Every structure is written in structure tokens, then in C-alpha cells.
């Protein structure tokens, strides 16, 4: 896994990218600064300009800190854990999620990704 720096509304987090094709292509887009929209009081999402390779699976449970791809171009950062029936491609995972929900807030968030 590769280390990734994430800043959410000014608060810094560290994540690791998984060793898969989608994560490798995502790394090629970095650095990225995105305004990610709020959805369901548990995630932030943004449609990318570039489609990424997919290997979608139904995880059953989403964990706070999961960074996933929905479809081939929708980047999702989850800040709360919950059960799901949707399919996602795993990109990475934020390591310390203690203050993640507070940083994400309840509306759109500015999220920066860099190596």
C-alpha cells in the first residue's frame, strides 16, 4: 500500500492506497483538490473527470475512513460506518478516523489528496 495525505476542510489525515489498478490510476491524478458533496450523513462524493479501472465488490459493511469508487468515476470518502448492499471498488483507507466525521461536517467539504 502507498501512503496518501488527505486534508479535509483544513484538517490533515493520513491514508494508505491499496495495491490495485484503480488506486494506481488514482495516484496518477494527484495532487487533487475537490469539493465533495454530502450524501446520507455518512459520505462525501465527487465525480471525477477521468474514469478509473474498476473491480467492484459488495463489501457488505462500509467502515469510516474507506475511500472507494462507485461506478468508474465517482470517488467516495466514507466518514461513518454502516452496512450496504452497493458495489464499490476499493481505493484506500484513512488510518486515524477519530476526528473524521467532525472534519467532514454536514455539507460539502473541500478535500485535498496528495502523495
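None of the figures in this text is laboratory data; all of them are computed from the coordinates on show. Note that the structure is predicted; figures quoted are calculated from it, not measured. A quick note on method: Cβ atoms are made from the backbone with ideal geometry, for glycine too, and the neighbour counts reach across all protein chains shown.
Between residue 55 and residue 80, the C-beta separation translates, for a Förster distance of 22 Å, into a calculated FRET efficiency of about 0.35. Centre-to-centre, using Cα atoms only, region 17-76 and region 85-106 are separated by 10 Å.
Translational diffusion of region 1-53 was estimated from the Stokes-Einstein equation, with Rh taken as the Kirkwood radius over Cα pairs; at 20 °C and 1.002 mPa s the coefficient is 172 µm²/s. For the chain, the extents of the C-alpha atoms along the principal axes are 31, 31, 24 Å, listed from largest to smallest.
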